[in-house]
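Below is one structure, written out as structure tokens, with a few remarks after it.
The values are calculated or read from the model by the stated rules, or taken from the named source; none is laboratory data. A quick note: this is a predicted structure, and the numbers were derived from the prediction, not measured. Cβ atoms come from the backbone with ideal geometry, glycine included; neighbour counts cover every protein chain shown.
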Amino acid sequence: MLIPRGNGLPRQGQWSCQNVRRLRAAHGSATELFPRDSGVTPACGGASAGAERRRLLAAVGGVGVWMLGLQAAAGPDSSAAAPDPARPAPVLLHKNGSTLAVDLPAALPAARRAILLAWIEESADAIIAYFGRFPVGRVAIRIEAAPGREIHGTTYGEPSARMIVPVGREARDEVLRHSWVMTHEMVHLAIPYMGEGHGWLHEGLASYVEPIARARIGVLPVESVWRDLVDGMPKGLPVAGDRGLDGTPTWGRTYWGGALFCLMADLEMRTLSDTRRGLQQALRAITGAGGNLESEWPIERVLSVADAGFGGSVLSGLYHRMGNDPVTVDLEALWKDLGVIRAGDSVRFDEQAPRAALRRAIMQAPDAG
Ligand SMILES: [Zn+2]
């Protein structure tokens, strides 16, 4: 059921995102914003309606960072409040024909302000490189000064695209420069709202595309991408009682289960196209058809438009198999086939592995050969 306009909850998607996965600065200084095994539950509810968010809360049983989601549920339209005279006018960033109106906290040191704006621009560059364009004509990005050192994000599609991004005052500049959060939120902008029950696809796409998009523009090492996939994917596998991706809105199945769906789709497409085309081309078809978070499409339409962009029915077929049934994947065999080998705290690659070419193709820009 959709929530009508004007009742304090957005009808379109609302996402408050924090993957519980290791963040790592590109320069090698490890940063653990959300320890992977801390038991912290993400606030990325993937739900537009309070009822579903409450169900997710009940299912996950988490507290902690769910607080952000709760706050958003209580008053998501705070971002639409009258302009705060204490805040400076938004900075307008023009990217590829789109406008990013960035609302920064007042009294921000000039160096911090420059880092924030560069972070947003770089994230937009990654998104444009992956999707071929920025997915909405205009987005309002409100940066909040928050306590602590964490960086959060919430993205709304209604009444128009906007983000609220609380940035911890104690978040180190290096962490901020290389944070995945902004790119993750911008991926959400590229996908239509799909109604309740399909948060896993929104979060899975954001989780899967974000590191690849950043690696493509050279701001994230390819090894980091695969290391995080190797570390994270087991969390997305079904456990006892699983009812498929649509029916199991736990954190693991939402983020990593969704990301696993994306990886399986990408690999199948790369196999069918002799590595040349993949999930990227499929997702570009959604953007090309005018789909973004400001629109609402049934999941079947999202998948069929993406399938048409690639040619075939890979995504619809996978959804048919994984939507309502627990489908497991032999991840160890998969990594071996792709030539991804755990090596200490990172990974190394076996270029002689049977499907190493697929692994390389995923990280390659579409027109790079
Ligand atoms: Zn998210």
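Quick notes
- Test: Arg277 is touching a residue at least 24 places away in the same chain (Cβ under 8 Å), outside the structural domain of Ser160 (by TED's automatic domain parsing), over 16 Å from Ile128 (Cα atoms) and not in a helix (DSSP H, G or I): yes
- Positions within segment 120-129 being touching a residue at least 40 places away in the same chain (Cβ under 8 Å) and either more than 16 Å from the ligand (Cβ to nearest atom) or in contact with an Asp or Glu (Cβ under 7 Å, 6 or more places away or on another chain) (or both), in sequence order: Ile120, Glu122, Ala124, Asp125, Ala129
- Taken together, Ile191, Ile164 contain a single residue that is among the β-branched types (Val, Ile, Thr), within 23 Å of Asp246 (Cβ to Cβ) and within 16 Å of the ligand (Cβ to nearest atom), which is Ile191.
- On inspection, Thr254 fails the criterion of being in contact with a Pro (Cβ under 7 Å, 6 or more places away or on another chain), polar (S, T, N, Q) and not in a loop (DSSP other than H, G, I, E, B).
- Counting only residues that are part of a loop (DSSP other than H, G, I, E, B) and surrounded by 21 or more Cβ atoms within 10 Å (Cβ to Cβ), segment 100-124 holds 1 of them.
- Of the strands (runs of 3 or more DSSP E) lying entirely inside segment 132-251, not one is found with 1 or more residues being closer than 30 Å to Val329 by Cβ and free of Cβ contacts under 8 Å to residues at least 12 places away in the same chain.
- Test: residue in segment 199-213 that is acidic (Asp, Glu), within 15 Å of the ligand (Cβ to nearest atom) and either in the same structural domain as Ser304 (by TED's automatic domain parsing) or touching a strand residue (DSSP E or B) at 6+ places or on another chain (Cβ under 7 Å) (or both): no
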